[in-house]
1. Going by the alpha-carbon gyration tensor, a ≥ b ≥ c the square roots of its eigenvalues, is the range B:1-128 rounded (a/c under 1.5) or, if a/c is not under 1.5, prolate (a/b greater than b/c) versus oblate?
2. May I ask for the percentage of alpha-carbon pairs in chain B that lie more than 28 Å from each other?
3. Please compute how much accessible surface disappears when B pairs with A, both sides summed, using a 1.4 Å probe, and round it to the nearest 100 Å².
4. Please compare each pair in B:K231/B:K388; A:K162/A:K183; B:K328/B:K405 to a cut-off of 26 Å on the Cα-Cα distance and tell me which ones are over it.
5. With a bin width of 10 angstrom, please list the P(r) values of the range B:185-331 as percents of all Cα-Cα pairs, from the 0 bin to the one holding the largest distance.
6. Which one, A:V118, A:I182, A:I42, is farthest towards the positive end of the dipole of chain A when Lys and Arg carry +1 and Asp and Glu -1 on their Cβ?
7. Please turn the phi angles of the range A:126-140 into ³J(HN,Hα) values with the Karplus equation 6.51 cos²θ - 1.76 cosθ + 1.60 (θ = phi - 60°), one per residue in order, whole Hz, x for glycine and proline.
8. Go through B:A167, B:G377, B:W323 and say which Cα lies farthest out towards the positive end of the charge dipole of the protein assembly as shown; charges sit on Cβ, +1 for Lys and Arg, -1 for Asp and Glu.
Amino acid sequence: MANADSASGNAGGGGDSRRDFLLWTTSAVGVVGAGLALWPLIDSMNPAKDTLALASIEVDLSPIKEPGQAMTVTWRGKPVFIRHRTEEEIEQARSVDVQNLPDPQSDEERVEKPEWLVMIGICTHLGCIPLGQKQGQPTGDYNGWFCPCHGSHYDEAGRIRKGPAPANLPVPPYAFVDDTTIKIG
Amino acid sequence: MSAAHQKQWNNRFVQWVDDRLPVFTILQNDAAEYPTPKNLNYWWNFGSLAGIVLVIMILTGIFLAMYYTPHASMAFERTERIMRDVNYGWLIRYIHMNGATMFFITVYLHLFRGLWYGSYKQPRELLWIIGVIIILAMMATAFMGYVLPWGQMSYWGAKVITMLFSAVPLVGDSIVQWLWGGFNVANPTLNRFFSLHYLLPFVIVALVLVHIVALHTVKSNNPTGVEPQKKEDTIPFHPYYTIKDLWGLGLFLIFFAFFVFFAPNYFGEAINYKPADTMSTPAHIVPEWYFLPFYAILRAIPNKLGGVVAMFLSILILIVIPWLDRSKVRSCKYRPVWKWFVVLFVIDCFILGWVGANPAEAPYTTIGQIGTAYYFGFFIILMPLVGKLEKPKPLPESISAAVDKK
């Protein structure tokens with residue numbers, strides 16, 4: 001690409017550097033432009049507006065008659081575990097040393113009312129649904145939930161205790177509408 | 001593939017076309033006269049076999065797509081309809097299903113051939129790297145194809161694999177939502193997987209063409225690992241290797257047909273004939289056999305991000321082996337120490353596969369960790385070290401010299 005006018009020198013507005021400048025700026029504009037044009041395509045893959053329109057749901061807790069029972073409802077296409085905990089379970093969950101947990105969180109931070117545990121039933125490792133909701137299912141080494149996919153153990157408060165999962169089962173935003181109804185979302 | 005030395009053709013029509021589009025010259029140079037080492041053994045059959053399986057997959061896939069519907073509420077039934085009501089639908093689907101297995105068998109054997117005979121070494125580095133990219137594209141394609149029937153294992157496989165990306169610090173969850181197009185694996189996910197599953201095979205075809213251009217630039221390696229020096233070291237591709245490839249193809253198709261007709265679900269999971277249930281994870285999630293070793297590596301590391309990184313690295317590391325291997329000798333035939341480590345590596349891959357098929361508990365986790373340690377140690381420590389320390393056997397002067405000795 002040696003040009004005849006490059007003899008005029010490279011400093012300042014000389015031939016090569018001026019051409020280089022034009023080449024680089026043109027390329028830069030092209031790259032930025034192509035990147036901007038690509039954005040609508042990339043963003044189109046994000047959740048659509050109707051998917052985002054987050055319907056909150058109200059859950060009637062009255063089917064759960066006594067402590068120790070649990071139910072699973074669907075919210076945003078995800079299972080939500082609702083468990084009416086027994087006194088012993090609450091006591092157990094509150095007696096652990098929070099600082100030594102993999103994801104330190106006290107039981108109080110995870111519930112609105114101590115007897116009702118509400119959380120999203122999706123293992124924080126790779127998204128399987130942990131076992132332990134139904135009677136007879138394994139509850140893991142910490143009397144809570146056990147994920148069969150890769151062996152994560154959750155305790156009575158849905159906190160990760162052992163296994164590859166990095167975090168506790170998340171608690172969705174919810175509030176008690178009355179004593180036997182909660183609104184999730 | 002240059003039109004540099006254009007041939008004069010006897011047929012005037014052929015000549016007329018060739019002057020305007022050198023297809024006949026290219027075929028003559030790259031498919032007929034193409035000089036090929038005369039000592040290639042049957043390990044050199046698997047490249048062309050893999051190419052033929054790719055064609056079979058695209059062909060059967062096009063016809064399956066004529067009846068399939070990528071909608072979460074219809075995909076499972078439509079797939080079953082192909083199996084029961086569509087004329088020869090069962091055959092086309094079983095060929096496609098088992099074709100995925102055949103594709104990975106041929107490609108893994110092809111990869112092993114490259115590893116054993118040092119085909120990745122200078123000057124074939126790029127040829128090798130393009131091959132690794134093809135395998136990555138194949139894995140993505142196979143994974144998304146497995147999701148399409150929308151059975152239990154389809155659904156939960158999709159969930160677990162997409163959730164791998166949630167391990168990325170800070171933006172992980174956003175990436176996963178972007179991949180899903182929602183808050184869970186659902187209809188938008190199925191739609192896009194179908195779209196990409198149809199696209200990627202054609203990307204693979206393009207990559208295969210690039211692979212062949214690179215191959216025909218640097219030419220084939222051979223069992224001695226010694227480059228051809230004189231004319232007697234090579235023979236024309238046609239008819240010698242066209243007929244050898246065809247003979248291998250005949251044997252391979254018998255093997256393929258056996259599974260299609262007599263054990264079509266041998267490589268599958270029975271639970272995938274149960275429709276996807278978003279509320280219940282199967283007790284035991286396993287990927288298809290060709291992902292098992294990598295799945296074992298994922299589970300061997302008791303940290304989410306670490307496991308995901310190790311799994312991706314286990315394939316990406318293949319890209320840098322042309323520079324990790326310090327030995328000047330290509331073929332394991334002349335590497336008395338290294339070849340045993342390669343044998344052990346193959347055994348290790350089978351062990352990891354076996355671990356991947358079993359639940360994540362003792363003793364499998366420990367075995368998986370030892371297997372993972374050897375997998376990476378093989379490339380990172382042994383490859384440079386053995387290459388430096390090993391005393392290779394004397395190389396033959398030429399291919400002809402090696403062949404005549406026998």
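The values are calculated or read from the model by the stated rules, or taken from the named source; none is laboratory data. From a predicted model like this one, the values you see are computed outputs, not experimental measurements. With ideal geometry, Cβ positions are generated from the backbone for all residues, glycine too; neighbour counts draw on all protein chains shown. Quick note on the areas: whole protein, heavy atoms, side chains included, nothing else; ligands and nucleic acids left out. Shrake-Rupley method; radii C 1.70, N 1.55, O 1.52, S 1.80 Å.
1. The shape class here is oblate.
2. 55
3. 2200
4. With Cα atoms farther than 26 Å apart: B:K231/B:K388; A:K162/A:K183.
5. Whole-percent P(r) values from 0 Å outward: 7, 17, 32, 26, 13, 4, 0.
6. The Cα lying farthest towards the positive end belongs to A:I42.
7. Along the range A:126-140, the couplings run 10, x, 6, 9, x, 8, x, 6, 9, 5, x, 7, x, 10, x Hz.
8. B:W323
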